[in-house]
Amino acid sequence: MAYSDKVIDHYENPRNVGKLDAADPNVGTGMVGAPACGDVMRLQIKVNEQGVIEDAKFKTYGCGSAIASSSLATEWMKGKTLDEAASIKNTTIAEELALPPVKIHCSVLAEDAIKAAVNDYKQKKGLL
Ligand code: FES
Ligand code: FES
C-alpha cells in the first residue's frame, strides 16, 4: 500500500510524543483501542485557565496511520478551546493524510482519543 508523504512524515517525525502527568488536575487523558486491530492510543491535553489547550502529547501502539493520525491531532489541538478540539473530525484527519479506506479506522481512533481526553478533563473539573 502506498502511504502519502504526510503519513510518512508524521510517522518518521512524530510530533508531541510523550506523556503528561495524568494526576495533574489540568490534564485530561484519553485512552482508546481499535477493535478492528487491537491498536491502542493514549492522548493527553493540558488546559490553561482560559480553557485553551496549551500542550498535547500522545503515545500510540499501532500502525503508521494511527501514529500519523495522533501526531496530527496533537498538532491541531494545541491552541484550541476544548469545544474546538472536540469538534475535530476523523474525516478531516483522514483527508489531510490521504488515508486509504482500509486505514480510516486509524483516524477514527484519533477522533475517539481526542474526545476521551476532553471528556476526562471535563469530568475532572466537574463540567460534565
Ligand atoms: Fe494493527 Fe494497524 S492493524 S497496527
Ligand atoms: Fe488499526 Fe491503524 S489503528 S490499522
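The values are calculated or read from the model by the stated rules, or taken from the named source; none is laboratory data. What you see is a predicted model; the values in this text were computed from it and never measured. Neighbour counts are summed over all protein chains in view; Cβ atoms, including those assigned to glycine, are modelled from backbone coordinates with ideal geometry.
For the range 1-32, the set of residues classified as free of Cβ contacts under 8 Å to residues at least 60 places away in the same chain and part of a strand (DSSP E or B) consists of Val17 only. Flag: Ile88 does not match the condition of being more than 19 Å from Asp9 (Cα to Cα), more than 16 Å from ligand 1 (Cβ to nearest atom), assigned to a helix (DSSP H, G or I) and β-branched (Val, Ile, Thr). Can you tell me which residues in the range 62-78 are near ligand 1 (Cβ under 8 Å from one of its atoms) and not small (Gly, Ala, Ser)? Matches in the range 62-78: Cys63 only. For the range 34-61, filtering for residues that are touching a residue at least 12 places away in the same chain (Cβ under 8 Å) and either within 16 Å of ligand 1 (Cβ to nearest atom) or of a type in the set (Gly, Ala, Ser) (or both) leaves 13. Which of the residues spanning the range 93-126 are basic (Lys, Arg) and in a helix (DSSP H, G or I)? Correct list: Lys103, Lys115, Lys122, Lys124. Close Cβ contacts (under 7 Å, 6 or more residues apart or on different chains) running from residues in the range 106-117 that are over 14 Å from Glu96 (Cα atoms) and within 15 Å of ligand 1 (Cβ to nearest atom) to residues that are modelled with pLDDT under 95 and of a type in the set (A, V, I, L, M, F, W, C) comprise Leu109/Ala34. Pick from the range 33-67 the residues that are of a type in the set (Gly, Ala, Ser), over 20 Å from Gly126 (Cβ atoms) and part of a loop (DSSP other than H, G, I, E, B): which of them is modelled with the lowest pLDDT? Restricting to residues being of a type in the set (Gly, Ala, Ser), over 20 Å from Gly126 (Cβ atoms) and part of a loop (DSSP other than H, G, I, E, B), the top hit is Ala36. Search the range 76-100 for residues that are on the phi > 0 side of the Ramachandran plot and pair each with any residue that is surrounded by fewer than 17 Cβ atoms within 10 Å (Cβ to Cβ) when their beta-carbon atoms are under 6 Å apart and the residues are at least 6 apart or on different chains. From residues that are on the phi > 0 side of the Ramachandran plot, the pairs are Ala98/Ser4.
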